[in-house]
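The values are calculated or read from the model by the stated rules, or taken from the named source; none is laboratory data. What you see is a predicted model; the values in this text were computed from it and never measured. Ideal geometry is used to build each Cβ from the backbone, glycine not excepted, and the neighbour counts take in all protein chains shown. Heavy atoms of the whole protein, side chains included, go into the accessibility calculation; ligands, DNA and RNA do not. Shrake-Rupley method; radii C 1.70, N 1.55, O 1.52, S 1.80 Å.
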Amino acid sequence: MKQIFLLCLTLLFTINIQGNTPSKILLYTQKKGQVIDGFGIAQAGWADELYMHHKRAEVMDRLFGDQGLRLSIMRGEVFPQWATDSTDDHAKRCAQLWLTRYAKEVCKVDKLIFSTWSPPAYMKSNANVSHGYLKQEYYQAFADYLVAFCKAYEEAGLKLYAISPSNEPGYEAPWNSCKWTPRQMGTFLTEYLEPAIRKSCPDVRIIYGENPSWSNPEHPKLQFLSSQKFVEEILAAHPAMDGNTYIASGHGYEIPLSQYIPGEKDVEVPIVPYTKAMEKGQHVWVTEVSSIDPLDAGMGNGLKWAATFHRYLTDAQVNGFVWWGGAMPTSNNESLIVLDKDKENYALTKRYATFGNYTRYIPVGSCRIENELVSLPGELMVSSFCQDKQYTSVIVNPTGKEIRCNLQVKDAEQTGVLMQYTTTETQNWEQTEIKYKGKGYSLLIPPYSVTSLVGLVK
């Protein structure tokens with residue numbers, strides 16, 4: 001009986017100690033992961049809509065300016081008809097050129113990238129910019145075509161960071177599209193495009209992958225060529241492809257399973273690292289993601305996407321992240337900013353704001369660092385980054401509970417005030433200063449919020 005009493009007392013003491021363990025976020029600045037190349041948006045295909053908006057400069061500042069998202073990547077399109085003289089084609093080219101110039105010259109955007117939806121129709125098997133494939137006798141001509149695009153922008157003072165020969169090569173879409181197999185793409189990249197780029201535009205990198213699905217979902221009835229599989233098959237056949245030239249990439253869309261299997265629901269794709277590309281020293285980017293469900297500009301949608309950004313940065317360990325639509329007149333969730341059809345007004349969504357909790361406060365060139373959560377809810381998501389003496393942590397709290405905890409850097413001495421920027425249903429990046437006390441900084445994380453913390457170490 002005495003032994004049972006002592007055992008119960010020990011258990012109660014243990015539970016009491018565990019229950020009173022202070023809630024903490026511990027950062028380890030020397031335990032480094034991937035380098036962050038930047039965050040961005042695409043305006044491909046929608047450049048003319050933004051260009052014709054009466055507040056186009058203001059919207060661009062909301063995306064790329066210091067008071068906005070501070071984005072460092074802009075993704076455009078290599079139009080299949082970019083060298084023609086029709087009025088409509090000329091308008092699209094002019095719109096994209098104006099937006100690109102504004103992003104680069106006014107907002108100082110770091111990286112300009114362009115993807116190709118389709119080669120010119122005359123190069124393709126069906127003589128059409130939709131469906132079909134690139135005929136092999138035009139491989140060199142198409143490589144030269146892409147080089148000419150790079151050089152045209154460079155001559156305009158807009159040097160490209162990277163170019164992609166195919167957006168979603170595994171999907172023959174009803175819009176501009178072109179089908180490529182991994183075998184065809186591997187041959188084109190290594191035997192035609194890479195030599196042409198290296199000869200004429202040696203600093204331009206090549207993006208490849210870019211299929212709609214990031215990875216293959218585990219489903220017994222579905223075989224879908226994901227970006228991960230596409231990249232792996234190309235690398236298996238061409239192991240010399242390195243990180244100095246290539247960026248592996250994918251898109252992050254859910255697979256509409258009901259289109260392939262009647263009665264089935266759409267499935268979420270696994271967010272996993274591209275280990276084969278990483279082993280080659282290649283950086284890995286998400287070059288497109290959004291959703292086409294009915295428009296939801298509220299905090300629930302903002303939290304959903306904040307969790308997605310977190311998972312790509314931590315689980316997939318991506319170096320770059322590009323949202324699909326920067327600003328569009330839309331009734332779904334494709335864009336961060338919704339343009340009114342009157343071309344006079346626009347609205348900011350909460351996914352715009354929660355994306356900003358990452359894009360505004362994680363500098364280009366930062367390394368992701370390890371963090372440890374102690375006695376905190378399992379739903380809480382924290383990702384941390386460090387560049388020189390500055391560290392950044394982004395906290396996603398999807399729960400209805402207010403969370404109090406302490407932030408500590410375990411392998412460096414903290415200094416100065418900690419800046420907190422909080423997004424809730426009613427606030428965007430609300431700023432608070434937190435003074436150092438004792439062993440760290442006392443945090444108050446609101447319910448249903450995304451919070452960025454920026455501090456310094458000695």
Once His131, His54, His310 are ranked on solvent-accessible area with the largest value leading and a 1.4 Å probe, the list reads His54, His131, His310
Reported to the nearest 10 Å², Ser130 has, with a 1.4 Å probe, an accessible area equal to 20 Å²
Once the dipole of the chain is set up from charges on Cβ (+1 Lys and Arg, -1 Asp and Glu), the residue from the list Asn357, Ile113, Leu418 lying farthest towards its positive end is Leu418
Under the helix-only model (-39500 (n - 2.57) for each DSSP H run of 4 or more, divided by the residues of the chain), the mean residue ellipticity at 222 nm, to 500 deg cm²/dmol, is -8000 deg cm²/dmol
Subtracting the Cα-Cα distance of Glu413 and Asp144 from 0.36 nm times their residue separation yields 91.5 nm
Descending accessible area (1.4 Å probe), largest on the left, turns Trp285, Trp175 into Trp175, Trp285
Whole-Hz Karplus couplings 3J(HN,Hα) for the range 204-218, θ = phi - 60° and coefficients 6.51, -1.76, 1.60, Gly and Pro as x, run 7, 8, 10, 8, 9, x, 6, 7, x, 9, 5, 8, 7, x, 7
Of the range 20-53, those with amide N under 16 Å from the point 7 Å along the Cα→Cβ vector of Glu370 are 25-34
Once all protein chains are kept in place, Leu71 shows an accessible area at probe 1.4 Å, nearest 10 Å², of 10 Å²
Inter-part gap, Cα centre of the range 27-62 to Cα centre of the range 336-369, in whole angstrom, is 7 Å
If unit charges are put on Cβ atoms (+1 for Lys and Arg, -1 for Asp and Glu) and the dipole of the range 173-310 is taken about its Cα centre, the option from Asn211, Ala248, Ile197 lying farthest towards the positive end turns out to be Ile197
So the pair-distance distribution of the range 83-215, from every Cα-Cα distance in 10 Å bins, comes to percents of 12, 41, 37, 10, 0
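Between Lys437 and Lys199, what FRET efficiency comes out of the Förster formula 1/(1 + (r/R0)^6) with R0 = 41 Å and r the beta carbon distance, rounded to 0.05? Please list the in-between numbers first.
Numbers: r = 60 Å, r/R0 = 1.46.
E between Lys199 and Lys437, to the nearest 0.05, is 0.10.
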Under the Karplus relation with 6.51, -1.76 and 1.60 and θ = phi - 60°, whole-Hz ³J(HN,Hα) for the range 118-133, x at Gly and Pro, equal 7, x, x, 4, 5, 8, 9, 5, 10, 6, 9, 7, 10, 6, x, 9
Computed over the chain, the relative contact order (Cα-Cα under 8 Å, seq sep at least six) in percent reads 18 percent
Given a Förster distance of 25 Å, the FRET efficiency implied by the Cβ-Cβ spacing of Asp340 and Asp66, rounded to the nearest 0.05, works out to 0.50
Computed for the chain: size of charge dipole around the Cα centre, +1 on C-beta of each Lys and Arg, -1 on C-beta of each Asp and Glu, debye to nearest 20, value 1340 debye
The aspartates and glutamates whose Cα lies under 19 Å from the Cα of Lys108, excluding any fewer than 8 residues away in the same chain, are Asp37, Glu58, Asp61, Asp66, Glu154, Glu155, Asp203
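So for the chain, what percent of the C-alpha to C-alpha distances run longer than 28 Å?
Here the long-distance tail beyond 28 Å is 54 percent of all Cα pairs in the chain.
Counting other Cβ atoms within 10 Å, which trypsin sites (Lys or Arg not before Pro) in the range 291-380 have at most 12 and lie in a DSSP loop? Please report the intermediate quantities before stating the final value.
Working: sites: Lys304, Arg311, Lys341, Lys343, Lys350, Arg351, Arg360, Arg368; in loops: Lys341, Lys343, Arg360.
Here the trypsin sites (Lys or Arg not before Pro) that fit, given the DSSP loop and packing criteria, are Lys341.
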For the range 67-78, Karplus-derived ³J(HN,Hα) couplings (6.51, -1.76, 1.60; θ = phi - 60°; whole Hz; x for glycine and proline) come out as 7, x, 7, 6, 5, 10, 10, 10, 10, x, 10, 8
Interchain or sequence-distant (5+) residues whose placed amide H lies within less than 5 Å of the amide H of Ser115 are Gly76, Glu77, Val78, Ser164
The extension gain from Asn332 to Asn244, computed as 0.36 nm times the residue separation minus the Cα-Cα distance, is 27.9 nm
Per residue, the convex hull enclosing the Cα atoms of the range 270-319 spans a volume in Å³ of 83 Å³
extent check for the range 400-440: Cα max minus min per principal axis, descending, whole Å, gives 35, 21, 16
The correct ranking of Ser72, Ser442, Ser200 by accessible area at 1.4 Å, largest first, is Ser442, Ser200, Ser72
At R0 = 35 Å the Cβ-Cβ FRET efficiency linking Asp266 and Thr426, nearest 0.05, sits at 0.65
In whole angstrom, the spacing between the Cα centers of the range 400-458 and the range 371-387 equals 12 Å
